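Engineer: First, the structure itself, so that you have it in front of you.
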Amino acid sequence: MLTVLDKTPAQLAEAVVARGWPPYRTDQIIDWVYRKGVADPAGMRNLPREITGELQVLTARLAARADSADGTVKLLLEFPDAQAVECVLIPTGDRHTACLSTQAGCGMGCRFCASGLGGLQRNLTAGEILEQMLALRQAVPGRISNVVFMGSGEPLANYEATLEAVRAIVDPGRLGLSARSVTISTVGIPAAIRRLAREGLAVTLAISLHAPNDALRRTLLPSAANTTIAEILAAAKEFFHARKREVTLEYVLLAGVNDSALCADGLAGLAGRLRCNVNLIGYNEVEDMAYRAPTPTGLKAFAQRLTDRGVNVHVRHSRGADTHAACGQLRGSVARSP
Ligand code: SAH
């Protein structure tokens, strides 16, 4: 079989020629898979059986699907080795945002996050990351306009595969999204952020800050034990200077933990150090986890305090909460059910 999604156009061209097929077949395959979003080779009408019979686009099985009343669709994809990941399509107005996973499970162990509960299972390949785009496109009609790497896994801990997938997503000859509509969200690995700054890709960088000081941050994000907020922000500044893209600071509000007025003031102080937007996210409660969502009033007051201090704030509303669409929870619910 010739697997398509795990190959760069050059590698695909090589594979096509190696099989003795005419070189123009490469463009036809790319056109069907990436531009038309056709995942079933049988539907690639201008290709002979000899070729379609050899092509493999999707490798995963659709293990579960959850449709939320707000239009959010979440898929659980299971790969042949039984590892499963979630991906989500979030429609907002004329935008269709795909939320992709980069690893099965996650090794970061954030105390409030469902994805890290079973630890890291394995990295996804670039093809497996891209496959989520195709699966979402099959599941929901319409063009995907935005991508956020906010599914399971730490994208910068699976750097090569994530970047390979990003290149396919922004390549005008493949998925053709604009780089600025692609957001890489990271727990904050300074060396990897600096490396990303040198890639020549104007993607949006989002940093999961979640606390205004290292002491509190380390209680929530154990992987931050050997990193300081100062180092992360210095790397983020480097990213801004190289790419001229404002950085996003993500802050999940956990009631009674990081939502005090003092925390807001600390966060405002940090945000003042670089060109950034702050995304406030009300916690999506996870079964068996002790953290709680803030009240709507609490969330509003925290946002207002930041605005009053000159911070550019966006409140991100939780979507798909009526199903298991919130962060990492579909996989968890399937794993738990008999
Ligand atoms: N590993 C990356 C990307 C995946 S998580 C990162 O840490 O950024 C995407 C975002 O969702 C992160 O900011 C993460 O902290 C947050 N998150 C995880 N679980 C959550 C929950 N239950 N409710 C709200 N946000 C959550």
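Engineer: Within the stretch 156-191, can you find the residues that are in contact with a Phe, Trp or Tyr (Cβ under 6 Å, 6 or more places away or on another chain) and within 14 Å of the ligand (Cβ to nearest atom)?
Structural biologist: 184, 185, listed by residue number.
Engineer: One residue is enough: does the stretch 222-241 have a residue meeting the conditions in a helix (DSSP H, G or I), outside the structural domain of residue 27 (by TED's automatic domain parsing) and among the acidic types (Asp, Glu)?
Structural biologist: yes
Engineer: Output yes when any residue across the stretch 164-184 is touching a residue at least 60 places away in the same chain (Cβ under 8 Å), polar (S, T, N, Q), closer than 24 Å to residue 249 by Cα and surrounded by fewer than 23 Cβ atoms within 10 Å (Cβ to Cβ), and no when none is.
Structural biologist: Checked against the condition, which is being touching a residue at least 60 places away in the same chain (Cβ under 8 Å), polar (S, T, N, Q), closer than 24 Å to residue 249 by Cα and surrounded by fewer than 23 Cβ atoms within 10 Å (Cβ to Cβ), the stretch 164-184 yields at least one hit.
Engineer: Sort out which residues of the stretch 190-200 are more than 16 Å from the chain's Cα centre (by Cα) and either in contact (Cβ under 8 Å) with a residue 40 or more places away in the chain or crowded, with 23+ Cβ neighbours inside 10 Å (or both), and write them in order of number.
Structural biologist: Passing the criteria: 190, 191, 194, 197, 198.
Engineer: Oh, and also: Filter the stretch 242-270 for residues that are part of a strand (DSSP E or B) and not polar (S, T, N, Q) and give the result.
Structural biologist: 247, 249, 250, 251, 252, 253
Engineer: Pick from the stretch 249-262 the residues that are farther than 15 Å from residue 208 by Cβ and within 16 Å of the ligand (Cβ to nearest atom): which of them is surrounded by the most Cβ atoms within 10 Å (Cβ to Cβ)?
Structural biologist: Here the residue is 259.
Engineer: Is there any pair linking a residue in the stretch 148-162 that is under 12 Å from residue 186 (Cβ atoms) to one that is aromatic (Phe, Trp, Tyr), with Cβ under 9 Å and at least six apart or on different chains, and which?
Structural biologist: That search, which allows pairs on different chains as well, returns 155/149; 162/149.
Engineer: Can you name every residue in the stretch 271-291 that is within 11 Å of the ligand (Cβ to nearest atom) and in a loop (DSSP other than H, G, I, E, B)?
Structural biologist: If the condition is that a residue be within 11 Å of the ligand (Cβ to nearest atom) and in a loop (DSSP other than H, G, I, E, B), then 283, 284, 285, 286, 287, 289, 291 are the ones that fit.
Engineer: Test residue 121 against the criterion of being more than 30 Å from residue 28 (Cβ to Cβ) and either in a helix (DSSP H, G or I) or at pLDDT 95 or above (or both), and give yes or no.
Structural biologist: Here the answer is yes, as residue 121 does meet what is asked.
Engineer: Do we have any residue at all in the stretch 133-144 that's surrounded by 20 or more Cβ atoms within 10 Å (Cβ to Cβ), under 21 Å from residue 58 (Cα atoms), within 14 Å of the ligand (Cβ to nearest atom) and not basic (Lys, Arg)?
Structural biologist: No: the stretch 133-144 contains no residue that is surrounded by 20 or more Cβ atoms within 10 Å (Cβ to Cβ), under 21 Å from residue 58 (Cα atoms), within 14 Å of the ligand (Cβ to nearest atom) and not basic (Lys, Arg).
Engineer: Does any residue of the stretch 297-315 turn out to be at pLDDT below 95, assigned to a loop (DSSP other than H, G, I, E, B) and in the same structural domain as residue 91 (by TED's automatic domain parsing)?
Structural biologist: No, the conditions are met nowhere in the stretch 297-315.
Engineer: Scan the stretch 57-75 and give yes if some residue there is without any contact (Cβ under 8 Å) to a residue 24 or more places away in the chain and either more than 30 Å from residue 209 (Cβ to Cβ) or not aromatic (Phe, Trp, Tyr) (or both), otherwise no.
Structural biologist: Yes, that holds for at least one residue.
Engineer: Taking only the stretch 126-144 into account, find how many residues are touching a strand residue (DSSP E or B) at 6+ places or on another chain (Cβ under 6 Å) and farther than 22 Å from residue 154 by Cβ.
Structural biologist: The number of residues fulfilling the criteria is 4.
Engineer: Here's a follow-up. Give all pairs with beta carbons closer than 6 Å in which a residue from the stretch 102-120 that is not assigned by TED's automatic domain parsing to the domain that holds residue 159 and among the β-branched types (Val, Ile, Thr) meets a residue that is at pLDDT below 95 and more than 8 Å from the ligand (Cβ to nearest atom); count only pairs at least 6 apart in sequence or on separate chains.
Structural biologist: none
Engineer: Follow-up question, since we're still on this one. If you take the residues in the stretch 282-293 that are over 23 Å from the mean Cα position of the chain (by Cα) and modelled with pLDDT under 95, which one is surrounded by the fewest Cβ atoms within 10 Å (Cβ to Cβ)?
Structural biologist: Of everything passing the filter in the stretch 282-293, 288 is surrounded by the fewest Cβ atoms within 10 Å (Cβ to Cβ).
Engineer: How about the stretch 117-132: which of its residues are within 15 Å of the chain's Cα centre (by Cα) and within 14 Å of the ligand (Cβ to nearest atom)?
Structural biologist: 123, 124, 129, 132 - these are the residues of the stretch 117-132 that are within 15 Å of the chain's Cα centre (by Cα) and within 14 Å of the ligand (Cβ to nearest atom).
Engineer: Can you name every residue in the stretch 145-155 that is charged (D, E, K, R) and more than 6 Å from the ligand (Cβ to nearest atom)?
Structural biologist: none
The values are calculated or read from the model by the stated rules, or taken from the named source; none is laboratory data. Because the structure is predicted, anything quoted here is derived from the model rather than measured. Here Cβ is always computed from backbone atoms with ideal geometry, including for glycine, and neighbour counts include all displayed protein chains.
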